[in-house]
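See below for the structure under consideration.
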Amino acid sequence: GATLVRPYDDPYVIAGQGTVGLEIAAQAHNAGAQLDAVLLPCGGGGLTAGSALALAEDCPGAEIYSVEPIGFDDTARSLVAGDRLTNDASARSICDALQMPTPGEMTFAINSRLLTGGLVVEDDAALAAMATAFSQLKVVAEPSGAVALAAVLEAVFPIKGKTVAVVCSGGNVDAQAFRAALDVES
């Protein structure tokens with residue numbers, strides 16, 4: 001028999017994804033930086049929840065935000081409502097890795113307790129962030145992985161005077177989508 005491992009609503013997956021938060025905290029401490037905020041891409045909430053658990057322990061003063069594309073902003077809306085909400089089934093986004101219908105049960109229980117809030121960006125902002133990540137940082141990010149950077153670049157989250165960590169995760173992008181992102185910048 002096969003074992004189903006849920007991609008986000010599983011305690012071991014959440015713990016594994018929490019290593020991102022541990023790495024952020026370690027890099028901040030090694031640089032002598034006091035983090036004001038951390039922005040993370042959010043689909044089902046596993047990366048966000050795991051990272052939030054680690055950061056709450058190692059960087060307790062840092063605000064933690066989920067970032068999602070418009071139309072798949074279930075975590076942002078759920079945080080405001082205080083209950084898990086569902087996305088409209090007709091919603092569309094280029095951020096395919098973040099297209100979950102609703103936050104996970106386990107992940108929402110953690111995120112509703114530890115996140116400061118949720119941020120939302122347009123698909124075009126994710127494409128522009130992909131282009132900036134490539135041209136300025138030499139990082140190939142998929143649209144879903146670029147949403148947190150998009151929140152900063154589009155001033156959805158103003159960073160002036162703050163020390164902010166932004167997670168760019170995933171480079172699973174096909175050539176056509178990547179070309180489209182590079183065309184946004186030019």
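Values as computed for the structure displayed
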| read-out | value |
| --- | --- |
| Peptides ranked, highest mean first, by Cβ atoms within 10 Å: ranges 12-18, 169-175, 99-105, 147-153 | 147-153, 99-105, 12-18, 169-175 |
| Cα centroid of region 44-66 to Cα centroid of region 83-145, whole Å | 15 Å |
| Which of L182, L39 has the fewest Cβ neighbours within 10 Å, and the rest in rising order | L182, L39 |
| For L4, L85, order by how many other beta-carbon atoms lie within 10 Å, fewest first | L4, L85 |
| Nearest-20 debye value, the chain charge dipole, Cβ charges on Lys, Arg, Asp, Glu | 260 debye |
| Ranked list, fewest to most other Cβ atoms within 10 Å of each Cβ, for C95, C59 | C59, C95 |
| Computed over region 11-185: relative contact order in percent, which uses C-alpha pairs under 8 Å that are six or more apart | 24 percent |
| Label assignment, Cα extents along the principal axes in Å derived from the structure, set (1) 45, 41, 37; (2) 62, 46, 26; (3) 50, 43, 28 | (1) |
| For the chain, built as a Gaussian network whose Cα springs stay under 10 Å, the top-fluctuating residue of N111, N87, N30 | N30 |
| Amide H partners (placed H, <5 Å) of E63, local residues excluded | A37, V38 |
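Coordinate-derived values only; no laboratory data. Just so it is clear, the model here is predicted, and its values are computed rather than measured. Cβ sites come from the backbone with ideal geometry, for glycine too, and all protein chains shown count toward neighbours.
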